[in-house]
1. When both residues are 6+ apart or on different chains and their Cβ atoms are under 9 Å apart, which pairs have a first residue that lies in the range 15-29 and is closer than 15 Å to residue 4 by Cβ, and a second that is aliphatic (A, V, I, L, M) and surrounded by 10 or more Cβ atoms within 10 Å (Cβ to Cβ)?
Amino acid sequence: MEAFKILFSTSTGLMSLGVIVFIIGMGWFFSRMFARKMREDGEAERVRKAAHE
């Protein structure tokens, strides 16, 4: 319980919490962006193959 008290009450703990939240958010953003780019590239490749047939 002492760790949570330090995490939420001290400036160092709050900065650490902010970094943790930021890193999780950045991971979520990049995973969504990479998944979208892979999906778009797959669709573009199917269109290119269909155009050559």
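A short reminder: the numbers here are calculations on the coordinates, not readings from a lab. Given the structure is predicted, the values throughout are model-derived calculations rather than measurements. Cβ: placed from backbone, ideal geometry, glycine included. Neighbour counts: every protein chain shown.
1. Short answer, once both residue conditions are applied: 16/7; 17/7.
One line per residue, one yes/no per condition, for (1) part of a helix (DSSP H, G or I); (2) of a type in the set (Ser, Thr, Tyr); (3) surrounded by 10 or more Cβ atoms within 10 Å (Cβ to Cβ):
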site: 3; (1), (2), (3): yes, no, no
site: 6; (1), (2), (3): yes, no, yes
site: 16; (1), (2), (3): yes, yes, yes
site: 21; (1), (2), (3): yes, no, yes
site: 25; (1), (2), (3): yes, no, yes
site: 28; (1), (2), (3): yes, no, yes
site: 33; (1), (2), (3): yes, no, yes
site: 37; (1), (2), (3): yes, no, yes
site: 51; (1), (2), (3): yes, no, no
